[in-house]
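Undergrad: Please find one structure pasted underneath; my questions will follow.
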Amino acid sequence: MARKTQLLPKIALGVVGWAVALWIFFPIFWMVLTGFKTEMDAISTPPHLIFHPTLQSYHDVFAQENYWHFTFNTVLMSVFATGGALLLGVPAAYSMAFFPGKRTRGTLLWMLSTRMLPPVGVLVPVYLIARSTHLLDTIIGLGIINLLTNLPIIVWMLYTFFKEVPVPILEAGRMDGANRWQEISVVLLPLALPGIASTALLSLILCWNEAFWSLNLTSSNAAPLASFIASFSSPEGLFFAKLSAASTLAVAPILVFGWFSQKQLVRGLTFGAVK
Amino acid sequence: MFRSWSLTMEAVIATPERVKRKSGAGVFLSPAVIILLIWSLIPLVLTLWYSFQNYNLVDPTLKGFAGFSNYVYLLTDPDFLYALLNTVLLVLGVLVISVGGGVLLAVLYDQDFFGRGIARVLVISPFFVMPTVSALLWKNLMLHPIYGVYSAFMRAIGLQPIDWLAHYPMQTVMMIVAWEWLPFAVLILLTAVQSLDHEQKEAARMDGAGPIARFRYIILPHLSRAITVVIMIETIYLLTVFAEISVTTSGGPGVASTNLAFLIYSRALLQFDIGGASAGGVIAIIIANIIAAFLVRAVARNLEA
């Protein structure tokens, strides 16, 4: 902009902008801070901002709480669900983006409508089916549910990204004798890689943070981090420092992941409605 | 059943028609379609079936066709009406806070000020925090009547700390959920604001339009599509808020913070009443569609304008 912004309003804007940002972020900041306190410091009134930092709570979480077990479950489940959904979603999106038929739009909308089915509405049968197929409290079981709930969103996003790939490039590949699989794997995938990456990213975040099915379908064996943290809602939650350390460990990977990928996320999340 | 949703999605995503070519690619589409068909139909049919059965996991003698008794029992239960009201309040409350606040913050963070990139990152952070963590974080570290930071703050300015979750359970849950979803709205709306042509804003200013007029006649119309997307995605999730309630209040005190999701959960997995919980599930599905249709009408009008 050619116009010079006046200094005073700019400072005022900065103050408001930063005040709001710090206020919204404060609980996360406080959680990280409390994780480095002793239990005594954590419940001191009034709360201390200055204290002797200690790694005791982190030590406790690793030693007593089997943190790695839950993290392993979360990572495995998220990767399984995302990988499976991409495996099903890429061919489906390819077919709809490049060979649209009369029913393509209807199919897409119907897929999204399955996502709008409230999970509570089908909690009972899913629980009973999982129980009778021995998928209750297994990583595979929870992974399948996450795969299914994310698949519509993944197909939509991939479809949006694939639509941006110029058709002549694919046709050129076909002229050179590429079959369908080669067309997808050699021509399309490299071109649409950024889009596929942001789709996978969103799916991983959704899986990592998913709570409803995690709390209802797993207990100890396959419990992901979301359930692990929920176990602190018992009176044990009064160990504030330990709770904070465990929470920080559960949130940090995906938070950092999110910070670095926010631009890609927006691209995918808006289904192309926002440029 | 999901017609109204479909209509909005069509309005939102205007798909430009491509040249139709020989298909034969249906084989690529079918695995996804078949698996989603199974996923969307079988549990739905089973829920419907169970809802007409006497089926309790702890009482095997109680069996057989129940007619509408599960529905009658549920619909005449004051807890159910309360849960219904809470569900609607939660969805609408969080939507108002996150969309209203989201628009304002999107405009704020579009302005140029020192360190705005970092400020933006801080604002969107809560969206990446898992629901169980944010619920415990607010319940214990922020709002705990003795040790919470907010309580300490209230004491510092000479007020009596409030036990928020005990006295205002639903409002507090709403606030926690809004804290999670406001950042999402900001993330999407900020991108939309940034895509606005600066020339256009500049031209309006040259013509003497004040900040409010520019907001009302240029920014807001430009945002309508993004707002629609935010409302739709958030509604999907808000209708089934569960972890935040389960972790903070367990639906209480009494049923003060019980929504439909939590009511069905407690019927099914705590009271083992499969029939009753399934009837609740069917009603939840119907309500999801009513709310969707209602929302969509308001949104569609906005899109045409």
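The values are calculated or read from the model by the stated rules, or taken from the named source; none is laboratory data. It should be emphasised that the depicted structure is a prediction, and the values quoted were computed from it without experimental measurement. Note that each Cβ is placed from the backbone with ideal geometry, even for glycine, and that neighbours are counted across all protein chains shown. Side chains are part of the model used for accessible areas, which takes the heavy atoms of the whole protein and leaves out ligands, DNA and RNA. Shrake-Rupley method; radii C 1.70, N 1.55, O 1.52, S 1.80 Å.
Undergrad: With springs connecting C-alpha atoms under 10 Å apart, model chain B as a Gaussian network and identify which of B:Met232, B:Met154, B:Met130 has the largest mean-square fluctuation.
TA: Among B:Met232, B:Met154, B:Met130, the largest GNM mean-square fluctuation belongs to B:Met154.
Undergrad: Now for a different question. Can you tell me the 0 to 90 degree angle between the C-alpha axis of helix A:193-209 and the longest principal axis of chain A, rounded to 10?
TA: Rounded to the nearest ten degrees, it is 40.
Undergrad: Now a separate question. Is there a simple number for the mean count of other chain Cβ atoms within 10 Å of the Cβ of residues in A:23-35, and what is it?
TA: 5
Undergrad: Something else now. Can you give the angle from 0 to 90° between the axis of helix A:104-115 and the longest principal axis of chain A, with both taken from C-alpha atoms, to the nearest 10?
TA: Here the helix axis deviates by roughly 20 degrees.
Undergrad: Using a simple spin-label model with points 7 Å from Cα along the Cα→Cβ vector, what separation in nm is obtained for B:Leu270 and B:Asp79?
TA: Between B:Leu270 and B:Asp79, the label points sit 0.7 nm apart.
Undergrad: Compute the accessible area per residue over chain B, keeping the other protein chains in place, probe 1.4 Å, unit Å². Before the final figure, lay out the partial values.
TA: Numbers: 13570 Å² over 305 residues.
For chain B, the solvent-accessible area averages 44 Å² per residue.
Undergrad: Give the separation of the Cα centroids, segment B:127-178 to segment B:228-296, in Å.
TA: Spelled out, the Cα-based centre of one part sits 22 Å from the other.
Undergrad: Hey, what number do you get for chain A at 222 nm if only DSSP H runs of n ≥ 4 count, each worth -39500 (n - 2.57), divided across all residues, to the nearest 500? All intermediate terms of the calculation are to be shown ahead of the outcome.
TA: On the way: 12 runs with 189 residues, N = 275.
Computed ellipticity for chain A at 222 nm equals -22500 deg cm²/dmol.
Undergrad: How much mean residue ellipticity at 222 nm does chain B get from its helices, if each DSSP H run of length 4 or more adds -39500 (n - 2.57) and you divide by all residues, to the nearest 500 deg cm²/dmol?
TA: Mean residue ellipticity, 222 nm, calculated: -21000 deg cm²/dmol.
Undergrad: Using alpha-carbon positions, what is the distance between the centroids of segment A:11-68 and segment A:127-202, in Å?
TA: Cα centres, segment A:11-68 to segment A:127-202: 39 Å.
Undergrad: May I ask for the net charge around B:Val186, where only other residues with Cβ less than 13 Å from the Cβ of B:Val186 are counted and Lys, Arg are +1 while Asp, Glu are -1?
TA: -1
Undergrad: What is the set of long-range amide H partners of B:Gln53 at a cut-off below 5 Å, with H atoms built 1.01 Å from backbone N?
TA: B:Ala66
Undergrad: Write down the accessible area per residue of chain A in Å², having rolled a 1.4 Å probe over the full set of protein chains.
TA: 44 Å²
Undergrad: Using a Gaussian network for chain B with springs between C-alpha atoms less than 10 Å apart, which of these wobbles most: B:Trp138, B:Trp49, B:Trp181?
TA: Highest fluctuation of the listed residues: B:Trp49.
Undergrad: Report, as an integer, the average count of C-beta atoms from other chains found within 10 Å of each Cβ along B:170-180. Walk me through the numbers on the way to the answer.
TA: On the way: counts 0, 0, 0, 0, 0, 0, 1, 0, 0, 2, 1.
Mean shielding by partner chains, rounded to a whole number: 0.
Undergrad: A follow-up question, please. What per residue convex hull volume, in Å³, comes out for segment A:12-76 when only alpha-carbon positions are used?
TA: On the way: hull volume 8.0 nm³, N = 65.
Cα convex hull per residue, to the nearest whole number: 123 Å³.
Undergrad: Let me ask something else. Which residue fluctuates the most in chain B, going by a Gaussian network model with Cα springs under 10 Å, if the choices are B:Leu223, B:Leu36, B:Leu92?
TA: Per the Cα network of chain B with a 10 Å cutoff, B:Leu36 tops the list.
Undergrad: How long are the semi-axes of the equivalent ellipsoid of the protein assembly as shown, defined as square roots of 5 times the Cα gyration tensor eigenvalues? Whole Å, largest first. Can you show the working numbers first?
TA: Numbers: eigenvalues 258, 235, 119 Å².
Ellipsoid half-lengths, sorted descending, are 36, 34, 24 Å.
Undergrad: Oh, and also: What list of ³J(HN,Hα) values in whole Hz, one per residue of segment A:120-135 in order, does the Karplus curve 6.51 cos²θ - 1.76 cosθ + 1.60 (θ = phi - 60°) give from phi, with Gly and Pro shown as x?
TA: 4, x, 10, 4, 4, x, 4, 4, 5, 5, 4, 5, 6, 9, 6, 9
Undergrad: Tell me the total accessible area that B and A bury against each other, 1.4 angstrom probe, in square angstrom rounded to 100. Write down the numbers at each step before the final one.
TA: Working: alone 18360 and 16780 Å², together 25570 Å².
Using a 1.4 Å probe on protein heavy atoms, the buried area is about 9600 Å².
Undergrad: Dividing the alpha-carbon radius of gyration of segment B:26-154 by 2.2 N^0.38 Å (N being the number of residues), what value is obtained?
TA: 1.71
Undergrad: Given the alpha-carbon gyration tensor of segment B:31-105, what are the semi-axes of its equivalent ellipsoid in whole angstrom, ordered largest first, with each equal to the square root of 5 times an eigenvalue? Please report the intermediate quantities before stating the final value.
TA: Working: eigenvalues 240, 110, 16 Å².
Over the Cα atoms of segment B:31-105, the semi-axes work out to 35, 23, 9 Å.
Undergrad: Average partner chain C-beta neighbours within 10 Å, per residue of B:30-38?
TA: Other-chain Cβ atoms within 10 Å of each residue's Cβ, averaged: 6.
Undergrad: So, one more: Can you list, bin by bin at 5 Å, the percent of alpha carbon pairs in segment A:59-269, starting at 0?
TA: The distribution over segment A:59-269 is 1, 7, 13, 15, 16, 14, 12, 9, 5, 4, 2, 1, 0, 0, given as percents.
Undergrad: Want the number for A:His134 to A:Glu171: 0.36 nm per residue separation, take away the alpha-carbon distance, what's left?
TA: Here the segment from A:His134 to A:Glu171 would lengthen by 8.6 nm.
Undergrad: With 20 Å as the limit, write out which pairs from A:Lys37/B:Lys139; A:Lys263/B:Lys139; A:Lys102/A:Lys163; A:Lys37/A:Lys242 have Cα-Cα distances beyond it, or answer none. Intermediate results must be reported in sequence, preceding the final value.
TA: Values: A:Lys37/B:Lys139 18 Å; A:Lys263/B:Lys139 31 Å; A:Lys102/A:Lys163 17 Å; A:Lys37/A:Lys242 9 Å.
Correct reply: A:Lys263/B:Lys139.
Undergrad: Also: Run the accessible area of the protein assembly as shown with a 1.4 Å probe and give the carbon-and-sulfur part as a rounded percent.
TA: That fraction is 69 percent.
Undergrad: Further question on the same structure: Could you pull out every whole DSSP H run in chain B that spans at least 18 Å of Cα extent along its own axis and averages 0.0 or higher on the Kyte-Doolittle scale?
TA: Passing helices, by number: B:26-51, B:78-108, B:169-194, B:220-238, B:274-304.
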